[in-house]
Amino acid sequence: MINKSIIKEVVLEQNDLFRKKGIYLERAISDAALKTKKIFIITGIRRCGKSTLLKQLAGSYKNFYYLNFEDERLLNFKSSDFNYLLEIFIELYGEQKVILFDEIQYINGWEKFVGRLFANGYKIFITGSSANLLSRELGTALTGRHLKTELYPFSFKEYLKYYHLDKNSLETTSGRAGLKKSFQEYLEYGGFPEVLASRNREELKQLYQDVLVKDLLVRFKIKDDKAFRELVLYLLSNIGAPISFNNLKKLLGFKSVSQVKNYIGYLEEAYLVFLLYKYDYSIGKQMINDRKVYGIDPGMIKAVSFRFSENSGRYLENLVFLELKRQEKEIYYHKDNGECDFIVRKGLKISEAIQVTEALNHNNSEREINGLVSALKKYNLKEGLILTNDTEEERRVGSFKIRIMPLWKWLLSR
């Protein structure tokens, strides 16, 4: 049990800061967040802007309660202290019906308290840096009573908006040159709001360490610190490459395949990496095929990985993956007679095929186009897309239409 005076102190300080703190950039959020009567959950990697979005949502209400549980003074906060917290809220701010909780996953049993608040008519907004942890808890105590969204670091379009740059300046030579320059800077710094504010890439390394320590090593009580760090570094240095749990076990000297699977599961839970599956009509085969791994942010990958300059096309590939994730697309990779980087499933059918490469030249043109055409044939599509660093044209390959366009331009069109 925590001292009640400590809770009161934290509430007062945090609420004062929360109300004064500015908003980096208003994020696009559906009206469902405000209109729904359900508990609204925002998840995503730490420092991607969840608290700022929470403040944005709070702006729609005249009065509310707020608390961020990632405060070291709340380390001894237990589920039994929630009643004290509610008493303090009412004592300080009177009876309100809107509550905002930041990083609530640190408190075991939080879902029971939130469920009780919901049953008593409160409008509740919650953030958390753990995907699966929240899912497990929501799937028990709060089944059917919540609406969840995932937040990512800024997209390229949001990056331009943050710096007040014109995304519609494609009609002039200087405008296109400016957008290309901004795109290269986005590849360098990524989309974490605080890093863009400071323009200090060292903060990316510190953020990476915070995720490793606070969200992974400590939370999951990982004892083999060195092996775990080597696994993370290997994955982030091999973005877009096929991986198998068994090969990783042998390569990095893990005791078992299950240990590798568990560790990668933790990384996914903290939103540091994502796995992409090879598409197969058989779910069983889909689960045993090699996966590909992608990272949460281009700037972070570049800041902490090694050997990445050897294949900068994979860097572009990661951006496409993230953009499709932001749009909540169901995505896979294709490999048959050729390989296609991304296919998009809509309902029961594959609706899009996308290939990504830094440039089309005499060394790779046949391979890239054949891989895309392989997917078009397999899934009965008439048109495919190749995204490059700077090429724009259209080709016909047999009966197939191949559109080729710069990745930065594609990102702005979404």
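The values are calculated or read from the model by the stated rules, or taken from the named source; none is laboratory data. Remember, it's a predicted structure, so these values are computed and weren't measured experimentally. So basically every Cβ, Gly included, is an ideal-geometry build from the backbone, and we count neighbours across all protein chains shown.
Only a single criterion out of (1) among the polar types (S, T, N, Q); (2) in contact with an Asp or Glu (Cβ under 6 Å, 6 or more places away or on another chain); (3) in contact (Cβ under 8 Å) with a residue 60 or more places away in the chain is not satisfied by residue 237, namely (2). Listed by position, the helices (runs of 4 or more DSSP H) enclosed by region 156-266 that each have at least 1 residues that are of a type outside the set (A, V, I, L, M, F, W, C), under 19 Å from residue 305 (Cα atoms) and out of contact with any strand residue (DSSP E or B) (no Cβ under 6 Å at 6 or more places or on another chain) are 173-189, 202-210, 225-236. Scanning region 367-392 for residues that are under 19 Å from residue 317 (Cα atoms) and assigned to a strand (DSSP E or B) yields a count of 5.
The residues of region 1-32 that are modelled with pLDDT under 90, hydrophobic (A, V, I, L, M, F, W, C) and either part of a strand (DSSP E or B) or farther than 29 Å from residue 300 by Cα (or both), listed by number, are 1, 2, 32. Do we find a residue being surrounded by 16 or more Cβ atoms within 10 Å (Cβ to Cβ), under 20 Å from the mean Cα position of the chain (by Cα) and closer than 27 Å to residue 172 by Cβ anywhere in region 399-407? Looking for residues that are surrounded by 16 or more Cβ atoms within 10 Å (Cβ to Cβ), under 20 Å from the mean Cα position of the chain (by Cα) and closer than 27 Å to residue 172 by Cβ, one finds at least one in region 399-407, hence yes.
Is there a residue being within 24 Å of the chain's Cα centre (by Cα), surrounded by fewer than 22 Cβ atoms within 10 Å (Cβ to Cβ) and among the aromatic types (Phe, Trp, Tyr) anywhere in region 50-64? Scanning region 50-64 turns up no residue that is within 24 Å of the chain's Cα centre (by Cα), surrounded by fewer than 22 Cβ atoms within 10 Å (Cβ to Cβ) and among the aromatic types (Phe, Trp, Tyr).
Within region 71-112, the set of residues being surrounded by 14 or more Cβ atoms within 10 Å (Cβ to Cβ) and in a loop (DSSP other than H, G, I, E, B) comprises 71, 77, 96, 97, 103, 107.
Check whether at least one residue in region 393-413 is farther than 30 Å from residue 202 by Cβ and assigned to a loop (DSSP other than H, G, I, E, B), and report yes or no. Yes, that holds for at least one residue. The condition (being more than 28 Å from residue 163 (Cα to Cα) and among the hydroxyl-bearing types (Ser, Thr, Tyr)) is satisfied by just one residue among 198, 237: 237. For region 274-295, a residue qualifies if it is within 14 Å of residue 240 (Cβ to Cβ) and among the hydrophobic types (A, V, I, L, M, F, W, C), and the qualifying residues are 274, 275, 276, 293.
Table: residues versus (1) in contact with a Pro (Cβ under 8 Å, 6 or more places away or on another chain); (2) modelled with pLDDT of 95 or more; (3) surrounded by fewer than 15 Cβ atoms within 10 Å (Cβ to Cβ).
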position: 172; (1), (2), (3): no, no, yes
position: 187; (1), (2), (3): yes, no, no
position: 191; (1), (2), (3): yes, yes, no
position: 205; (1), (2), (3): no, yes, yes
position: 208; (1), (2), (3): no, yes, no
position: 221; (1), (2), (3): no, no, yes
position: 260; (1), (2), (3): no, yes, no
position: 267; (1), (2), (3): no, yes, no
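Answer yes if at least one residue in region 45-61 is more than 30 Å from residue 206 (Cα to Cα) and in contact with a Lys or Arg (Cβ under 9 Å, 6 or more places away or on another chain), and no otherwise. Yes, some residue in region 45-61 is more than 30 Å from residue 206 (Cα to Cα) and in contact with a Lys or Arg (Cβ under 9 Å, 6 or more places away or on another chain).
Is there a residue in region 132-151 that is small (Gly, Ala, Ser), under 19 Å from residue 49 (Cα atoms) and either crowded, with 16+ Cβ neighbours inside 10 Å or modelled with pLDDT of 75 or more (or both)?
Checked region 132-151: no residue is small (Gly, Ala, Ser), under 19 Å from residue 49 (Cα atoms) and either crowded, with 16+ Cβ neighbours inside 10 Å or modelled with pLDDT of 75 or more (or both).
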